[in-house]
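Following: one structure in structure tokens, then a few remarks.
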Amino acid sequence: LITNLCRNLSNPKGFTNFFLQLYILVPVPCLLACQCMCLRLILIDKIVQLRGKMVERKVSWFVVTALDEIAWLFNLRGSDIEYNPVFFAYAIIGINGIWLFLEETRVMDPVLREHLELDGPSKPELKVQCLPYESVYKELQAICASLGPKEKVWISDKASCALTQAIPKIHRSPIPYTPLCLAKAVKNPTEIQGMKMAHIKDAVALCELFAWLEKEVFHTAFQQKDFVGLSFPTISSVGPNGSIIHYRPLPETNRNLSLTEVYLIDSGAQFLDGTTDVTRTVHFGTPSDYEKECFTYVLKGHIAVSAAVFPNGTKGTFYNQNSPHGLIKGAGEWDIPFQFFISNPLIHSVT
């Protein structure tokens with residue numbers, strides 16, 4: 001199985017159907033670019049669709065404050081926050097203008113400048129203007145000062161108090177779910193394929209890890225194609241440590257792997273085409289009857305969920321009604337960091 005998966009992953013044809021160009025922002029002044037197909041057309045499409053929603057609701061401006069929404073809209077990725085592919089920025093979208101607020105020194109890369117068309121010819125209403133990160137408050141105030149009596153400004157109800165109050169109440173239109181939040185929640189075939197391939201690569205890495213553990217080798221590293229970094233600190237626990245939520249190995253709590261105790265690993269990775277968060281419970285010896293019983297209950301629960309048919313419109317909170325620690329976690333491809341998938345840690349049945 002591992003051989004076949006690795007062979008499929010190494011086939012370039014396996015990536016051309018879904019792999020898109022992403023510009024990766026790292027904690028250095030410049031942006032780095034992955035060499036693949038350009039996303040400028042997709043950026044334009046997103047802006048046009050967003051403005052359509054604004055016109056529909058008679059809104060003149062939209063202040064984008066959520067980092068994941070900014071990354072999705074501009075097809076940019078970063079690493080300013082550990083384990084998250086986002087970067088510090090604000091954006092303001094008008095019917096005739098696009099403003100991106102971030103550190104000016106971080107948009108010096110020629111490929112990035114071409115992607116955003118910062119220097120080339122572009123229709124004025126589609127040209128991205130990069131402004132200093134700290135100037136967003138001043139620019140927003142200037143925009144609000146020029147508004148007509150009936151003009152409205154969209155802003156998330158989760159935005160900071162400072163930016164929210166910069167918009168006079170008469171013009172302020174707070175919304176719980178922005179058009180970008182809703183748009184990126186709808187997966188297209190390319191994004192779905194990206195999610196699948198990210199989890200296949202993650203599965204290969206886990207299979208290699210488990211094979212390595214069985215051979216009692218203690219020093220190596222596994223890295224799949226398009227690996228960027230971890231999506232959270234790995235939780236690696238043996239025996240009773242597996243029942244501790246979000247356990248972190250410490251010198252005073254470490255336990256050696258054995259043939260008599262359960263081993264739990266909760267790991268995840270950022271790939272260029274997706275984000276994963278997977279929990280697996282294994283036993284390298286013969287599990288006890290109680291351990292088998294607990295594992296079987298969890299397995300039966302997952303089989304029941306996977307076989308269930310959810311009516312159209314079912315909300316994510318529905319999954320957690322009977323799960324003390326939650327049955328689902330957020331993961332998915334980079335355009336949407338909030339997709340749901342099932343994990344199966346033994347701890348969910350014994351804690």
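Values as computed for the structure displayed
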read-out: Conditions (1) part of a strand (DSSP E or B); (2) more than 20 Å from Val59 (Cβ to Cβ); number of the one not met by Met197; value: (1)
read-out: From the options Asn84, Asn96, residue that is under 22 Å from the mean Cα position of the chain (by Cα) and assigned by TED's automatic domain parsing to the domain that holds Ile44; value: Asn84
read-out: Long-range neighbours under 6 Å by Cβ, at least six apart or interchain, first residue within 19 Å of Leu213 (Cα to Cα) within the stretch 235-254, second among the acidic types (Asp, Glu) and surrounded by 14 or more Cβ atoms within 10 Å (Cβ to Cβ); value: Ile235/Asp266; Val238/Glu261; Gly239/Glu261
read-out: Selection within the stretch 177-192 - more than 15 Å from the chain's Cα centre (by Cα) and in a helix (DSSP H, G or I); value: Pro179, Pro189, Thr190
read-out: Any hit, the stretch 157-167, residues being crowded, with 21+ Cβ neighbours inside 10 Å and assigned to a loop (DSSP other than H, G, I, E, B); value: yes
read-out: Residue in the stretch 235-242 that is among the hydroxyl-bearing types (Ser, Thr, Tyr) and either in a loop (DSSP other than H, G, I, E, B) or surrounded by fewer than 16 Cβ atoms within 10 Å (Cβ to Cβ) (or both) present; value: no
read-out: Residue count for the stretch 264-298, restricted to those that are assigned to a helix (DSSP H, G or I), touching a residue at least 24 places away in the same chain (Cβ under 8 Å) and exposed (fewer than 15 other Cβ atoms within 10 Å of the Cβ); value: 1
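The values are calculated or read from the model by the stated rules, or taken from the named source; none is laboratory data. Every value quoted in this text rests on a predicted model; they were computed, and no experiment measured them. Don't worry about glycine lacking a Cβ; one is built from the backbone with ideal geometry, like all the others, and counts go over all protein chains shown.
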